[in-house]
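Novice: Quick one: structure below, then a few questions.
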Amino acid sequence: MNANRKSAIVLLSGGLDSMVVAGLAREAGYALVALTIDYNQRHRVELESATHIARHLDAIEHIILPLDLTRFGGSALTADIDVPKEGVEEDAIPVTYVPARNTIFLSLCLGLAEARGARDLWIGVNALDYSGYPDCRPEFIRSFEAMANLATKAGVEGDAFTIHTPLLHMSKAQIATEAARLGLDAGMSWSCYDPTPDHKACGKCDSCRLRAKGFADAGLVDPTIYA
């Protein structure tokens, strides 16, 4: 590896968006330090996807960090609450929202970045297709970046952090197209919130519906095996 190559911390969930963000960071010339949070979510097969993606993209380090958010609950992904299967509800924050998840996860990325001497954080938040999640909005990202540079030794010494959100204003179709452009096998990624016991995607949760529609709108084949 080029000794002068900058490293980036990439929040790698194993989903399509995080895979594309990691691919874009690599395309931009960064060495990837991938951080995956094992928060005891329902869709734990996503962790296997993150491992495959990190390996495929030649991440120089991949940390899978255990953080059991079922102790907090408050979400269909971390508590005994049914995952909705009736489609995306307009103008409402869905029950699949995990309380303060991106704030928690970006804080962990920030700590890792400062420890590794990295100043670039990449995250696959999307303000278009994710219905109502408050921690996917541009104003949240701007505010967190400002906070990051107030709350760290590097920040107050003028070595500023930057949060990269290249998917922020993309549709799911555009993200699927970007995966294809980058030469990434979308089959490595996992989107379903509520997989079946035999590790098939349910096909009915919000995330499955958005993924399937995105590939269809892009005119691409979705390699996901749906139940």
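The values are calculated or read from the model by the stated rules, or taken from the named source; none is laboratory data. If you're wondering where the values come from, they're calculated on a predicted model, not measured in any experiment. Reconstructed Cβ throughout: ideal geometry from the backbone, glycine too, with neighbour counts over all protein chains shown. Just so you know, the surface numbers come from the protein's heavy atoms only, side chains and all, with ligands and any DNA or RNA stripped out. Shrake-Rupley method; radii C 1.70, N 1.55, O 1.52, S 1.80 Å.
Novice: Being within 16 Å of the chain's Cα centre (by Cα) and either assigned to a loop (DSSP other than H, G, I, E, B) or at pLDDT 95 or above (or both) is the filter here, so list the residues in the range 188-206 that pass it. I'd like the intermediate steps shown before the answer.
Specialist: Taking the range 188-206 first, the residues within 16 Å of the chain's Cα centre (by Cα) are 188-193, 206.
Hits for the range 188-206 are MET188, SER189, TRP190, SER191, CYS192, TYR193.
Novice: Another question, then. Could you count how many residues in the range 32-58 are open to solvent by 30 Å² or more (accessible area, probe 1.4 Å) and assigned to a loop (DSSP other than H, G, I, E, B)?
Specialist: Total satisfying the criteria: 4.
Novice: Inspect all residues belonging to the range 83-94 and state whether any of them is open to solvent by 50 Å² or more (accessible area, probe 1.4 Å), in contact with a Pro (Cβ under 6 Å, 6 or more places away or on another chain) and on the phi > 0 side of the Ramachandran plot.
Specialist: Scanning the range 83-94, I find no residue that is open to solvent by 50 Å² or more (accessible area, probe 1.4 Å), in contact with a Pro (Cβ under 6 Å, 6 or more places away or on another chain) and on the phi > 0 side of the Ramachandran plot, so the answer is no.
Novice: Oh, and also: Kindly establish whether ASP185 is touching a Cys at 6+ places or on another chain (Cβ under 7 Å), among the acidic types (Asp, Glu) and open to solvent by 30 Å² or more (accessible area, probe 1.4 Å).
Specialist: Details: touching a Cys at 6+ places or on another chain (Cβ under 7 Å): no; among the acidic types (Asp, Glu): yes; open to solvent by 30 Å² or more (accessible area, probe 1.4 Å): yes.
When the stated conditions are applied, ASP185 does not pass them.
Novice: Filter the range 96-122 for residues that are in contact with a Phe, Trp or Tyr (Cβ under 8 Å, 6 or more places away or on another chain) and of a type in the set (Val, Ile, Thr) and give the result.
Specialist: Selection gives THR96, VAL98, THR103.
Novice: Hey, among the residues in the range 60-74 that are open to solvent by 30 Å² or more (accessible area, probe 1.4 Å) and of a type in the set (A, V, I, L, M, F, W, C), which one's farthest from TRP122 (Cα to Cα)? If you could, list the steps in order and put the result at the bottom.
Specialist: Keep residues of the range 60-74 that are open to solvent by 30 Å² or more (accessible area, probe 1.4 Å), which gives 60-68, 70-72, 74.
Narrowing the set further to residues that are of a type in the set (A, V, I, L, M, F, W, C) leaves 60, 63-65, 67, 72.
Numbers: ILE60: 15, ILE63: 15, ILE64: 16, LEU65: 17, LEU67: 20, PHE72: 26 Å.
In this case the residue turns out to be PHE72.
Novice: Also: State which residue pairs qualify: first residue under 13 Å from CYS202 (Cβ atoms) and at pLDDT 80 or above and inside the range 82-94, second residue part of a loop (DSSP other than H, G, I, E, B) and of a type in the set (A, V, I, L, M) in any location, beta carbons under 7 Å apart, and separation of 6 or more residues or different chains.
Specialist: Sorted first by the residue in the range 82-94, then by its partner, the pairs are ASP82/ALA76; VAL83/ALA76; PRO84/VAL95.
Novice: Moving on. When the residues of the range 1-31 are filtered to those that are assigned to a strand (DSSP E or B) and open to solvent by 10 Å² or more (accessible area, probe 1.4 Å), which remaining residue is nearest to ALA115 (Cα to Cα)? Give the steps one after another, and end with the answer.
Specialist: Filtering the range 1-31 for residues assigned to a strand (DSSP E or B) gives 7-11, 31.
Keeping just the survivors that are open to solvent by 10 Å² or more (accessible area, probe 1.4 Å) gives 7, 11.
On the way: SER7: 12, LEU11: 15 Å.
Ranking the candidates gives SER7 first.
Novice: To continue, here is another question. Please verify whether LEU77 is assigned to a loop (DSSP other than H, G, I, E, B), crowded, with 16+ Cβ neighbours inside 10 Å and touching a residue at least 24 places away in the same chain (Cβ under 8 Å), treating the condition exactly as stated.
Specialist: yes
Novice: While we're on this one: Being modelled with pLDDT of 95 or more and either in a strand (DSSP E or B) or open to solvent by 40 Å² or more (accessible area, probe 1.4 Å) (or both) is the filter; apply it to the range 112-128 and report the residue that is farthest from ALA28 (Cα to Cα).
Specialist: ALA115
Novice: Sort out which residues of the range 129-160 are modelled with pLDDT of 95 or more, touching a helix residue (DSSP H, G or I) at 6+ places or on another chain (Cβ under 6 Å) and in a helix (DSSP H, G or I), and write them in order of number.
Specialist: PHE144, ALA148, ASN149, ALA154, GLY155
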